[in-house]
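The values are calculated or read from the model by the stated rules, or taken from the named source; none is laboratory data. This structure is a prediction, so every number in the text was calculated from the model and none was measured. FYI the Cβ positions are ideal-geometry reconstructions off the backbone, even for glycines, and counts take in every protein chain you see. Surface areas here come from the heavy atoms of the whole protein model, side chains and all, with no ligands, DNA or RNA. Shrake-Rupley method; radii C 1.70, N 1.55, O 1.52, S 1.80 Å.
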Amino acid sequence: MSELETVDVQGLDIFENPCDLRRDLHVFMHYVQERQVQRLYRDNALRKADYRRLAKLMTDLGAKEEIEREGYSSWVDFVDKMALKLGFVHYDTKGVYVGYSSASPSFPDNVIDVQTESYQRFLQLSMDLQEHCLLDALIKERDGCNSEFYHWSILGRLDPFSSRGCATGIVPKLDFVRARRFLLGRLQSCPAGAWYSTASLIQHLKREHPFFLIPQRPEYTYKGEAQRVGRYGNFYEGTSRWGDNNRIPDEATDAFERVEGRYVERFLEGAPLVLGYVDVAYAVGPEQEIYPSLGQLEAFRVRERLRQALNREIPRPNVTVQPNFEVYVESLFYPASVMQQLDGLVEVVSEGLLTVLRLRKELVSARVAEDETLDVVSILARLSGQELPPNVDRELSEWSAHSDKFLLYEGLALLEGEEEALPPADPFTVERISPCLRLVRSVDALFGRLEKAGLLPLRVRHPDDGWASLPEGVRTLFPRPEPEPPTIEPVRLLRQVRVTLHVPEAEIWERIRQVLIEMRCPVEARRDDLTISFSQTYQAQVDEAVASLDGDFDLCVEDVD
Amino acid sequence: MSEADVRAIRKARGFSAEQAATRTLLETFFLSDIGLEAALAVLSLQEIALLHLLNFHGGSESLPIFARIYGAEKRSYYARTFTQRYKETCKQVRYALVRRGVLLMAQDHQDMRAETKMERWRFAFPREFAPFLPSPFQSVAKFEREGDLQVRAFQQMLREFIQRGSGEPKRGNPLRLVKGELRLGERAFSVEALREWQWERWRAKVPPPRRPAAAIRRGDSPDPVTAIVYLLSCLGECEWVLPEELTLPLRVFCDAELDVQAACVAGWRWGCLECLGVDGQVYYRLPAAEGAVVGSTVEDFSAYLEASPDRRLVIDVERVPYHVLEQIGAISDLEVSDNALLASPNLVRLGRSFESLRGRSLLAWLADHASPFAESLQIAEKRWGKLILHENLLLARVSDLALRVQLEQAFPGQIVILSDDYVAFPCALLEAVEKAVDKWGYVIKTA
């Protein structure tokens, strides 16, 4: 489209989408696969704890703050809905009306159910087809009330039209999918990298394709609307968001700009921006004078990936395995399939157009231990399309073998005997580990068989935390627990000496008590038996208190015992 | 407790001034034996019986139980409050028992059902005082003789069982043979099973009296048989008692009048009590020994065991001690033939019981006198203990020598090396082993 004007975006507010939908979708899937995620009962949203964890893992840097402020993250919600739309997960979206007078549905026990097969099928598609599925999911929204006219884009700033009457008039009959595909095709023909004026695109469409969205003779939802509502009867604009707004008259000379033009702006903020096909630039200026805004999105820039996606020319990720066990994955689009195949074998060092991963021995061993058939060398060779560095090849083989070093048998018992040949035990033997030792299963049945054969077997059930005591005369490899000698541990007794003064008269008792209180000395003074008790530590203070009354009383202290 | 209570306790128990100088000191000495015998000696027989009941129950009791001896307000019973019913009872308990220093008294504030102070009172007989409790009987007799322990009931059943042979069991006779095993009801025959069965029979003959309504119930009562056993356990060596002596204590224990004579006779009939007739009177006590058969000594196996010509062991059911019968049953297949109980060795049963019976004189006698048993015992000696099935443990193959050594060093005595590559360790050690293996850079694979 050579007639589009290029624009100098200096002075404009440029917005390049930082969020990677492809990556975050797979992060979300990884998250819900690893744990059971239950949605909230009342509004079917994710729980705050899940929001927080997902926000940490996803690419929307403002998500954390939004969660703390609003209690949810719109980007996480968007990814969640995409996963549902693509069929990767399933959960109830309709709910049940629990009470007789319930005004809204509830969602009891609504757990996100991972549709593993569907997800695996997606991962096995080529990058082109994966991208095609994503794009389809975004543009195949047929409901006019959910279209760009009436909805905020997830990343956008432009306000929509009032949805008043969106289910009437021409809107329900418009083919938004066709219109979106048409516009994508127009964008595809724009050379990548240059900033173009949105107004020039709108003018081009007005001249060359005035009916790209609303047909020349549009269909109306109800009879008589053609006269009553008119072509642009669904669209209201005004000078305030909530005030009295007026229909855009069909006969206005700039009606196309005011309706279809607004659509184009909001379309650019929609799927193309979310998928990173375009960047946009907004006017920086005075307050909004018209609602919804018009002409705010002044410029757009097409990226190379739009052409690659629509022409299905997305290059395969370039995987290189380095001798230092790092794996470089170069890809313009998030390499979901590659990451999924390497999941659990590598740690992520950095992500971006060039993702750097590192093979870890313990991860590889653990994965091979879980799945004996896993051939890590083949996987890496296939992904990289070439042989691995010799040292990596060798080490990986060793790491895989490492998983066999410790093999734990579950649910088996040990038969210990003196005879090598033991026919009754043969059907129950899993492994013979020495001439006289066997790993066996089905203990009850085996024991019965051995008894019947007159072999007088001894059945020993060891306690969970040690070895059972075996009777005298039994020959065994197992240790005989010896009774532990009693240990006498030193115990410290703390001795505290308390002194009690018995005072013969209440008046003297009261005086002594007052003095001690003033001295802040901790004593127990009992009025009923005129005693004052204290720890011997405070003897000096008490003596001082008694001595202070020398002028009034002739006191002496006598020891009772 | 009020000061008056404290003073009374001090006086009744004879505590010195130093010992009762403070409440704390009094508490310290209260549970000692100072003055306890003298304090208990002045109690009435009813009061002693009640203290025995409190000792039997253990724990603490509320006021209604004391109404068994002190009574309660009976007029318009249901129209009276708890406090009105038991105010006088409480007074009596306080004066007669608490102030004598033989009973503890406290308020239970945890009982949410108790609404008044009277309902919250709890009384406990300290277990430290139990050895000093006087006998619950007015008088006991001392005879250094063996009594008559009735074994006829069970012997009668054994006899009938032998005579019946493989016919239908007679109603009321719980003995039967199931796959060579002698069963008493559903259980394998044993002295323990026999004892329990006897007690069950006795209990069936002496049913507990009907329980009164909860509102007027005066505490919980044991069943008559349990009460009789407890009371008779208070007798000393060579002491016997007439049934009438049990009347008063049983009235206190069971809070009802019982036919004590009939109860004792039933106990004797079912082999649970020993009786002795002296001068036209019959005395009772608990049996001195279990399952002894009069006229036969335990060691004299030949008196009731004989090897028959067809190599089976013939058991004289009239004379065999029950514990010997139990032991034979544990290692044999029993059968009844020609009015005789016969035993053949069963290797499986022998294997199961070998450990517990090894070294017993019965096995030695069988080895000498009954060749089938001798052969089986030889086999058992040869085979027992040679084949062991270990369960509830974890087994692993550790193919790395360094890892094996590390495990042995980290868990000494707990890792058993079974062979070059295999180890065993207790189940509870798994978590620690997993941690250690992970720390050393290895991975546990599960098979």
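Only Cα sites of region A:419-482 enter the Debye sum here, all with the same form factor; the resulting log10 I(q)/I(0) across q = 0.14, 0.18 1/Å is -0.47, -0.79, listed in q order. Entry note, the protein assembly as shown: the mean residue ellipticity at 222 nm calculated from DSSP H runs of n ≥ 4, each adding -39500 (n - 2.57), is -10500 deg cm²/dmol after division by the residues and rounding to the nearest 500. Given +1 at the Cβ of Lys and Arg, -1 at the Cβ of Asp and Glu and no other charges, the dipole of the protein assembly as shown around its Cα centre is 3360 debye to the nearest 20. For region A:55-169, rounded, prolate or oblate, judged on the Cα gyration tensor with a ≥ b ≥ c (square roots of eigenvalues), a/c < 1.5 rounded, else prolate if a/b > b/c? Rounded shape, in that the Cα axes give a/c under 1.5.
Among the lysines of chain A, pairs at least eight places apart or on separate chains and with Cα atoms under 15 Å apart come to 10. Taken over region B:339-386, the alpha-carbon convex hull comes to 82 cubic angstrom per residue. The solvent-accessible area of A:Glu68, taken with every protein chain present and a 1.4 Å probe, is close to 110 Å².
The accessible area of A:Cys436, taken with all protein chains in place and a 1.4 Å probe, comes to roughly 50 Å². Could you state the number of Å between the C-alpha centres of region A:71-86 and region A:388-453? For region A:388-453 versus region A:71-86, the Cα centre distance is 50 Å. The distance linking region A:123-148 with region A:210-253 is 29 Å (Cα centroid to Cα centroid, whole angstrom). For B:Lys142, a cut-off of 18 angstrom between C-alpha atoms picks up no lysines at all, skipping any fewer than 8 places away in its own chain. A cysteine counts as unpartnered when no other cysteine's C-beta lies under 4.7 Å of its own; in chain A this applies to A:Cys19, A:Cys133, A:Cys190, A:Cys436, A:Cys521, A:Cys556. Residues B:Glu244, A:Glu287 ordered from highest to lowest accessible area at a 1.4 Å probe: A:Glu287, B:Glu244. Taking the average, over residues, of other Cβ atoms within 10 Å as the packing measure, peptides A:264-274, A:169-179 rank A:264-274, A:169-179 from highest down. Here the protein assembly as shown has an Rg and Dmax of 47.8, 139 Å, counting Cα atoms alone. Averaged over residues, the count of other Cβ atoms within 10 Å places the peptides B:4-14, A:99-109, A:447-457, A:382-392 in the sequence A:447-457, B:4-14, A:382-392, A:99-109, highest first. Taking a quarter of the surface of the Cα convex hull of region A:318-401 gives a mean projected area of 4.8 nm². Each peptide in A:213-225, B:423-435 was scored by the mean count of other Cβ atoms within 10 Å over its residues; highest first, the order is B:423-435, A:213-225. Under 1.5 on a/c is rounded, so check that first for chain A, then, if it is not, pick prolate when a/b is larger than b/c and oblate when it is not; a ≥ b ≥ c are the square roots of the alpha carbon gyration tensor eigenvalues. Since a/c reaches 1.5 but b/c is at least a/b, the shape of chain A is classed as oblate.
With Rh defined as the Kirkwood radius, the inverse of the mean 1/r over Cα pairs, the Rg/Rh of chain B is 1.12. Inter-chain neighbour count for A:433-444: the average number of beta-carbon atoms from partner chains within 10 Å of each residue's beta-carbon is 3. Pairwise inverse Cα distances across region A:413-452, averaged and inverted, put the Kirkwood hydrodynamic radius at 9.9 Å. With a 10 Å cut-off around each Cβ of B:397-406, the average count of Cβ atoms from other chains is 3.
Counting Cα-Cα pairs of region A:1-81 in 10 Å increments starting at 0 gives whole-percent bin shares of 16, 41, 20, 13, 9, 1.
Averaged over the residues of B:413-423, the number of partner chain Cβ atoms lying within 10 Å of the residue Cβ comes to 4.
Within the assembled protein chains, the solvent-accessible surface assigned to A:Trp152 is about 130 Å², based on a 1.4 Å probe. The residues of region A:318-401 expose on average 48 square angstrom of accessible surface per residue, using a 1.4 Å probe on protein heavy atoms.
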